[in-house]
Amino acid sequence: TLEAWYMDSSEEDQRKPHRLNPNQPVPLEDLNQLGVFYWKLNADIYEADPELEKIRKEQGYTYMDILSIRKDTLPDYENKLKTFFTEHLHLDDEIRYILDGRAYFDIRDKQDRWIRIVLGKGDLITLPAGIYHRFTLDETDYTKVMRLFVGEPVWKAYNRPADDFEIRQKYVASLKAS
Ligand code: KMT
Ligand code: NI
């Protein structure tokens with residue numbers, strides 16, 4: 001299963017866990033309510049995994065590429081990590097499958113509090129279009145991630161505030177319904 005918790009508000013190193021004391025865990029059902037979904041797969045066989053194939057087919061994830069996120073493999077590493085950790089939204093779902101290493105995705109809950117989700121090898125997560133979020137490595141400074149997309153990928157991020165976007169309003173309306 002997926003581990004998630006509410007974050008403290010300290011300005012310390014973004015790569016630290018930032019748990020509250022005592023820890024305040026967030027169950028998967030709460031993440032589902034926010035439109036976040038999750039699969040556990042066997043990343044050792046990602047190149048020929050029938051389970052991954054099934055998900056890609058059912059969800060229409062036609063596009064995929066793989067990024068190794070570490071200082072010596074990702075061009076413009078420092079700037080990219082800064083961009084990833086700047087709160088933003090996208091017009092499409094963000095679909096990520098961790099093939100190696102670890103990473104954090106932070107998302108906002110309905111009351112605008114940060115939830116930190118830790119992802120490790122074999123975790124596939126989808127963040128809904130219009131959700132405010134950000135991404136960081138942890139203190140191991142490395143992950144290898146597959147990016148999936150429906151059709152031609154659009155990676156454009158709109159930094160907060162982006163409240164006037166139709167996709168944002170659609171997302172907020174979906175929360176009220178749930
Ligand atoms: C994003 O849009 O938040 C990212 O792509 C960063 C995580 S995976 C490269
Ligand atoms: Ni994003």
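Things worth noting here:
- Hey, Ile98 more than 10 Å from ligand 1 (Cβ to nearest atom) and surrounded by 15 or more Cβ atoms within 10 Å (Cβ to Cβ) or not: no
- Subset of the range 30-64 that is in a helix (DSSP H, G or I) and among the polar types (S, T, N, Q) - its residue that is farthest from Gly101 (Cα to Cα): Gln33
- Considered as a group, the residues in the range 72-111 that are of a type in the set (Asp, Glu) and touching a residue at least 12 places away in the same chain (Cβ under 8 Å) include one that is farthest from Met146 (Cα to Cα), and that residue is Asp109.
- Taking the criterion of being in a loop (DSSP other than H, G, I, E, B) and within 13 Å of ligand 1 (Cβ to nearest atom), the residues of the range 143-161 that qualify are Pro153, Val154, Trp155, Lys156, Ala157, Arg160.
- Only one entry in Asp49, Asp93, Asp65, Asp106 is more than 16 Å from ligand 2 (Cβ to nearest atom) and acidic (Asp, Glu), namely Asp49.
- Qualifying positions in the range 128-142 - assigned to a loop (DSSP other than H, G, I, E, B), within 15 Å of ligand 2 (Cβ to nearest atom) and among the hydroxyl-bearing types (Ser, Thr, Tyr): Tyr132
Throughout, read-outs are computed from the coordinates displayed, never taken from laboratory work. Everything quoted here is computed from the prediction, not taken from an experiment. Note that each Cβ is placed from the backbone with ideal geometry, even for glycine, and that neighbours are counted across all protein chains shown.
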